[in-house]
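Have a look at the structure that comes next, please.
The values are calculated or read from the model by the stated rules, or taken from the named source; none is laboratory data. The structure displayed is predicted, hence computed values, not measured ones. Cβ coordinates were reconstructed from backbone atoms using ideal geometry, including for glycine residues, and neighbour counts include every protein chain displayed. Heavy atoms of the whole protein, side chains included, go into the accessibility calculation; ligands, DNA and RNA do not. Shrake-Rupley method; radii C 1.70, N 1.55, O 1.52, S 1.80 Å.
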Amino acid sequence: MQRSQQRAETPPGHVVVIGGGIAGLAAAHRLVATGLRVTLLEATDRLGGKLMTGEIAGVQVDLGAESMLARRPEAVALAEAVGLGDRLQPPATATASLWTRDALRPMPKGHVMGVPGDPAVLGQVLSPEGLARIAEERDLTPTPVGEDVAVGAYVADRLGREVVDRLVEPLLGGVYAGDAYRISMRAAVPQLFEAVKEGGPLLDGVRRIQERAAARQQTGPVFQGIAGGIGTLPAAVGDAVRAQGGDILTETPVLGLTRTETGWAVRTDTRTIAADGIVLATPAWSAGTLLAAESPAASAELSGVEYASMALVTLAFRRTDIEAYEALRGRSGFLVPPVDGHTIKASTFSSNKWQWVADAAPDLFVLRTSVGRYGEEDHLHREDEELVAVSLRDLAAATGLTARPVDTEVTRWIGGLPQYPVGHLTRVARIRDEVAKLPALRVCGAVYDGVGIPACIASAHRAADEIASEIIATPTLVRGTGSEAGQ
């Protein structure tokens, strides 16, 4: 009998995706395209995880992630696939600054996550002593990296702490809300790790990375947003999943996973759902709890993943109230080195950066600040009014902005960003090795292959493809399981 006839006579396998963030949604979207039945379960009352829109002064804005890397294809391709292609927009300006040494200074060009290829571009950011320290690198003995090394520790050893404290730290912190002296180079900046392993001075390694990038002649924007907000992507993906026959249930926390003779039993607070396959697209602590009975080793590894929390403070001002507008004009925002001792770690000038925000509210100037890093979470326990006040204080010091906002919104992301310390990729490999011992179960999300939107989607596609292949290739896994049991 031909394979197509076999599949026509056999009920399609049923995959349950646990977690309705962008990774879970991308996995569900990938799976329904294979013909498998898909049910996505989300514990909260909304989809999207760290992708979320809201309103300030009547304007829809992102209250979570606001852009996606366009030099990787996964996120842009998913947006196009779910009908958002005509709403993709690059930033209107990408002129970022550093608020360092009591002034807004242009972000140096020609660096890899803050590590320069040419120290000459750092004159406005580093002190003469810092520049002199970089010049000493060629006389230093090689620094071994082994299987992994902390970005900050290695760069400080080669080029001095000032490069790390005033460049690497704010750039890495903007991605991971972490500590550059703990973050894995192999996981967070893999191209730099490979260049370092080739040997030679670090500055030469950065220049090799830049030369290779130039040889690829990549065109188009580095980042993309979506008119109306990146936070509109999850709903569009969810609609596409439903349109292809998938089921999406919100406010449905999963309480337990159990292997059965025919697959898996997924226990929620109201029923038990039978499944042939499982995609776990939840944070590490949740995945660890759900795997505790069936894979204690994977659960233990997942429980060791640490997270950073942060808050976003979104502010709307009347343009007519802003006197010191020159410091804001043409800039997309600024990053703040922790070494300078300020509370905010960054600010994005949304009305400058995104044309759709400016068009939606031409009389307003919308910006946001971020507060909180790994190990510095006391700020998040402050009242909203306090976080607004400290943001306004730092903004006034950085830009001269003294206007009072007409509206404010504070969004807390508790446990929002997994940390990638030295050895993180080895931990991920151990988790995947243990999970692979379970039939038709895979994990995906920001914990494993990168915290950016394209990386999360790629992780989801990998999990979905492996599950689909296993179910389709193994008829015994496809037994026409009912969608519910034990009601």
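Could you give P(r) for the range 66-109, binned at 10 Å from zero, as whole percent values over all Cα-Cα pairs?
Using 10 Å bins, I get a P(r) of 22, 36, 22, 17, 3 for the range 66-109.
Let me ask something additional. Rolling a 1.4 angstrom probe over the protein heavy atoms, how many square angstrom per residue are accessible across the chain?
Values: 20310 Å² over 487 residues.
Counting only protein heavy atoms, the per-residue value for the chain is 42 Å².
Could you tell me, in Å, what Rg and Dmax come out for the Cα atoms of the range 295-334?
In order Rg, Dmax, the Cα atoms of the range 295-334 give 21.5, 60 Å.
Give me the mean projected area, in nm² to one decimal, of the convex hull enclosing the Cα positions of the range 77-137. If you can, show how the numbers build up before the last one.
On the way: hull surface 25.4 nm².
Over all viewing directions, the range 77-137 projects a mean Cα-hull area of 6.4 nm².
Oh, and also: How large are Rg and Dmax for the range 249-319 when calculated on the C-alpha trace, in angstrom?
Rg and Dmax of the range 249-319, Cα atoms, are 17.5, 65 Å.
In nm, to one decimal, how far is the Asp118 label point from the Arg71 one, both placed 7 Å along Cα→Cβ?
1.8 nm
Check each of the GluC sites (Glu not before Pro) in the range 285-353 and keep only those in coil by DSSP with at most 10 other C-beta atoms within 10 angstrom; list them in order.
Values: sites: Glu294, Glu301, Glu306, Glu323, Glu326; in loops: Glu294, Glu306, Glu323.
Here the sparse-neighbourhood loop sites are Glu323.
Using R₀ = 35 Å, calculate the FRET efficiency as 1/(1 + (r/R₀)^6) where r is the Cβ-Cβ separation of Arg382 and Val222; round to 0.05. Mind dumping the intermediate values first?
Values: r = 34 Å, r/R0 = 0.98.
The pair Arg382/Val222 has a calculated efficiency of 0.55.
Additional query: Can you tell me what share of the DSSP beta bridges in the chain is antiparallel? A percent to the nearest 5 is fine. Intermediate results must be reported in sequence, preceding the final value.
Values: 51 of 70 bridges.
Of those bridges, close to 75 percent are antiparallel.
Compute the Rg to Rh ratio over the range 311-383 from the alpha carbon atoms, using the Kirkwood formula for Rh, and round to two decimal places. Each step should come with its number before you reach the end.
Numbers: Rg = 13.7 Å, Rh = 13.4 Å.
Reported Rg/Rh (Cα atoms, Kirkwood Rh): 1.02.
Hey, got the dipole for the chain? About the Cα centre, +1 on K and R Cβ, -1 on D and E Cβ, debye to the nearest 20? Could you put the intermediate results ahead of the total?
On the way: 47 positive and 58 negative charges, 203 e Å.
In total the dipole reaches around 980 debye.
Counting other C-beta atoms within 10 Å, and keeping those with at most 14, which DSSP coil trypsin sites (Lys or Arg not before Pro) do you find in the range 302-408?
Details: sites: Arg318, Arg319, Arg329, Arg331, Lys345, Lys353, Arg368, Arg373, Arg382, Arg393; in loops: Arg329, Arg331, Arg382.
Here the sparse-neighbourhood loop sites are Arg329.
Then there's this: Given a Förster distance of 25 Å, report the FRET efficiency between Glu251 and Ala94 from their Cβ-Cβ distance, rounded to the nearest 0.05. Before the final figure, lay out the partial values.
Values: r = 39 Å, r/R0 = 1.56.
Approximately 0.05, to the nearest 0.05.
Treating each Cα of the range 282-426 as an identical point scatterer and ignoring solvent, apply the Debye formula and state log10 I(q)/I(0) at q = 0.12 Å⁻¹.
-0.60
Could you give the distance between the Cα centres of the range 397-435 and the range 368-385, to the whole Å?
Here the answer is 11 Å between Cα centres.
As an exercise, identify the GluC sites (Glu not before Pro) in the range 158-264 lying in DSSP coil whose Cβ has no more than 16 other Cβ atoms within 10 Å. Present the calculation step by step, with values, prior to reporting the outcome.
Working: sites: Glu162, Glu194, Glu198, Glu211, Glu251, Glu261; in loops: Glu198, Glu251, Glu261.
Sites meeting the loop and neighbour criteria: Glu198, Glu251, Glu261.
Moving on to the next point. Dividing the Cα radius of gyration by the Kirkwood radius, what Rg/Rh value follows for the range 89-215?
Working: Rg = 14.2 Å, Rh = 15.0 Å.
Taking Rg over the Kirkwood Rh, I get 0.95.
Quick one: putting +1 on the C-beta of Lys and Arg, -1 on the C-beta of Asp and Glu, what dipole do you get for the range 357-406 around its Cα centre, in Debye to the nearest 20? Provide the component values of the computation, followed by the final result.
Working: 5 positive and 10 negative charges, 41 e Å.
Roughly 200 debye for the range 357-406.
What is the mean projected area of the alpha carbon convex hull for the chain, to one decimal in square nanometres? Don't skip to the answer; put the middle values down first.
Working: hull surface 97.7 nm².
Averaged projected hull area, Cα only: 24.4 nm².
How large is the Kirkwood hydrodynamic radius of the range 187-268, in angstrom, based on all distinct alpha carbon pairs?
Numbers: mean 1/r = 0.0544 Å⁻¹.
So the Kirkwood estimate lands at 18.4 Å.
Which residue, chosen from Val357, Val32, Thr270, occupies the Cα position most advanced towards the positive end of the dipole of the chain, where the dipole is computed from +1 (Lys, Arg) and -1 (Asp, Glu) charges on Cβ about the Cα centre?
The Cα lying farthest towards the positive end belongs to Val32.
How large is Rg over Rh for the range 19-162, taking Rg from the Cα atoms and Rh as the Kirkwood inverse mean of 1/r across Cα pairs? Numbers along the way, then the final one.
Details: Rg = 22.1 Å, Rh = 19.9 Å.
My calculation of the ratio gives 1.11.
In debye, nearest 20, what is the charge dipole magnitude of the range 380-457 about its Cα centre with +1 on Lys and Arg Cβ and -1 on Asp and Glu Cβ, if you could check? Intermediate values should be presented prior to the final figure.
Numbers: 9 positive and 10 negative charges, 104 e Å.
About 500 debye.
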